[in-house]
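The values are calculated or read from the model by the stated rules, or taken from the named source; none is laboratory data. Since the structure is predicted, the reported quantities are computational estimates derived from the model, not experimental observations. Note that each Cβ is placed from the backbone with ideal geometry, even for glycine, and that neighbours are counted across all protein chains shown.
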Amino acid sequence: MLHNEARKLVLEAWDKTHNAREIAKYFSVNESTVYRLIEERARTGSYETRTQLRGRKTILTEKQHHDILKLVQEQPDITMKEIVETLHLPVGDETVRRFLIKQGYTYKKKSLHAKEQERSRCAEKTQSVDRNYIWCKCRTSNISR
């Protein structure tokens, strides 16, 4: 694949000579590459590579991303399976986990002190004490993966 500077030079040469065979030989590319660049420039008006269009597209929408973050902020001890089931997401637990890690969250074990604070002092108050992990926001949110 040609970088943007080479693409620009190929197209400038085309504008001057209109001889694809000579241009291809000079730049050591296939003749069809020259014609492809000409067509792409005519179609899009640009010769630059379209790197932003590469790769797998995200399955989750921006609204679903927002809903996941809101749910984790409201319930830090929620599991990934519960997030998927609560929001009826069309993805697996691993996708949710990767998204939360990219947002700067880590899954940390609760301390014994925190578990003791969760226990109900009265019989009327019943809280879940079987959840051992909570989502915590890291200091940096730009984790590269």
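Out of Ile38, Ile68, Ile101, I need the residue that is under 17 Å from Cys136 (Cα atoms) and either touching a helix residue (DSSP H, G or I) at 6+ places or on another chain (Cβ under 7 Å) or not in a helix (DSSP H, G or I) (or both). Which one? Walk me through it before giving the result.
Numbers: Ile38 fails: under 17 Å from Cys136 (Cα atoms); Ile101 fails: either touching a helix residue (DSSP H, G or I) at 6+ places or on another chain (Cβ under 7 Å) or not in a helix (DSSP H, G or I) (or both).
After applying the criteria, what remains is Ile68.
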Subject >> Of the criteria (1) touching a helix residue (DSSP H, G or I) at 6+ places or on another chain (Cβ under 6 Å); (2) buried (at least 16 other Cβ atoms within 10 Å of the Cβ); (3) not assigned by TED's automatic domain parsing to the domain that holds Tyr133, which one Glu31 fails >> reply: (2)
**OP:** Select from the range 92-125 the residues that are surrounded by fewer than 16 Cβ atoms within 10 Å (Cβ to Cβ) and among the hydrophobic types (A, V, I, L, M, F, W, C) and write down the one among them that is modelled with the lowest pLDDT.
**Re:** Ala123
Subject >> Criterion: under 34 Å from the mean Cα position of the chain (by Cα), of a type in the set (Val, Ile, Thr) and within 30 Å of Cys136 (Cβ to Cβ) - qualifying residue of Thr61, Thr49, Thr44, Thr33 >> reply: Thr61
Original post:
How about the range 41-55: which of its residues are surrounded by fewer than 11 Cβ atoms within 10 Å (Cβ to Cβ) and part of a loop (DSSP other than H, G, I, E, B)?
Top reply: Gly45, Arg50, Arg54, Gly55
**OP:** Please name all residue pairs, on different chains or six or more residues apart, with Cβ atoms under 9 Å, provided the first residue is in the range 38-49 and is under 23 Å from Arg21 (Cβ atoms) and assigned by TED's automatic domain parsing to the domain that holds Asp15 and the second residue is of a type in the set (D, E, K, R) and at pLDDT 90 or above.
**Re:** Glu40/Arg7; Arg41/Arg7; Tyr47/Arg7; Tyr47/Lys8; Tyr47/Glu40; Tyr47/Arg41
Original post:
Does Asp77 satisfy the condition of being outside the structural domain of His18 (by TED's automatic domain parsing), modelled with pLDDT of 90 or more, among the charged types (D, E, K, R) and at negative phi?
Top reply: no
